[in-house]
Amino acid sequence: MKVRNAASKDIEQINTLLFQVNNVHADGRDDIFIHGKKKYTDDELAEILLDESKPILVAVDENDIALGYAFCILQEAEGDNLMPIKTLYVDDLCVLEDSRGKGIGTLLYESVKELAKQLGCYHVTLNVWCLNSGAMKFYEKCGLRPLKVTMEDIL
């Protein structure tokens, strides 16, 4: 197993993963997420692949098939009251359902951290939906801790 930058040849497998992660969210919050949808169109994926500020890492098997991905966004703090820091934000991290529990997610996250260090980032951040307890446990195991909490009051 190795991690590399995603390429256009990975779009089909990335789509499989995008559908899987969306359905996890739709199973937990069908008032927000729509089953059978995905976050990006193929055209949007192709555009993201060309954007150096939005790296996508893929974990691939010995046949160079993507079994997991990490969508990242390079961000810089803005505002008069914020320290000038660079952040690598993990927009999405997913491992193929039948490949989970094999260390692929950990390998991806460690690769994200290494990329963040190479880019001179202060930290790595991400959001995780409270409905996804498995993801929350995984991220805590990787060493992440809550930075802030978004709360809601459904009307």
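The values are calculated or read from the model by the stated rules, or taken from the named source; none is laboratory data. As the structure is a computational prediction, the values presented were derived from the model and not from experiment. Every residue, glycine among them, receives a Cβ derived from its backbone with ideal geometry; neighbour counts consider all protein chains shown. To get the accessible areas, we keep the full protein, side chains included, count just its heavy atoms, and leave off ligands, DNA and RNA. Shrake-Rupley method; radii C 1.70, N 1.55, O 1.52, S 1.80 Å.
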message = Restricting to the stretch 65-94, and then to whatever is within 16 Å of Val21 (Cβ to Cβ) and over 10 Å from the mean Cα position of the chain (by Cα), can you tell me which residue is surrounded by the most Cβ atoms within 10 Å (Cβ to Cβ)?
response = Ala66
inquiry  = Restricting to the stretch 95-106, name every residue that is open to solvent by 30 Å² or more (accessible area, probe 1.4 Å) and either in contact with a Leu (Cβ under 7 Å, 6 or more places away or on another chain) or in a helix (DSSP H, G or I) (or both).
reply    = Glu97, Asp98, Thr106
key: Answer residue from the stretch 107-140, given it is part of a helix (DSSP H, G or I) and exposed (fewer than 15 other Cβ atoms within 10 Å of the Cβ) and is nearest to the chain's Cα centre (by Cα) among those   = Glu110
inquiry  = Condition (residue is among the basic types (Lys, Arg) and within 13 Å of Asn5 (Cβ to Cβ)) applied to the stretch 43-62: is it met by at least one residue?
reply    = yes
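Quick check on my filter: what residues within the stretch 114-155 are of a type in the set (D, E, K, R) and under 21 Å from Asp30 (Cα atoms)?
Glu152, Asp153
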key: Condition broken by Val24, with the remaining ones in (1) surrounded by fewer than 15 Cβ atoms within 10 Å (Cβ to Cβ); (2) modelled with pLDDT under 95; (3) assigned to a helix (DSSP H, G or I) satisfied   = (1)
query = Quick check: is even one residue across the stretch 41-59 closer than 22 Å to Met136 by Cα and open to solvent by 60 Å² or more (accessible area, probe 1.4 Å)?
reply = no
task = Look through the stretch 74-94, keep the residues that are outside any loop (DSSP other than H, G, I, E, B) and among the hydrophobic types (A, V, I, L, M, F, W, C), and return whichever of them is farthest from Leu107 (Cα to Cα).
result = Leu74
query = Is the stretch 36-59 home to any residue that is more than 18 Å from Trp129 (Cβ to Cβ), of a type in the set (A, V, I, L, M, F, W, C), in contact (Cβ under 8 Å) with a residue 60 or more places away in the chain and in a strand (DSSP E or B)?
reply = no
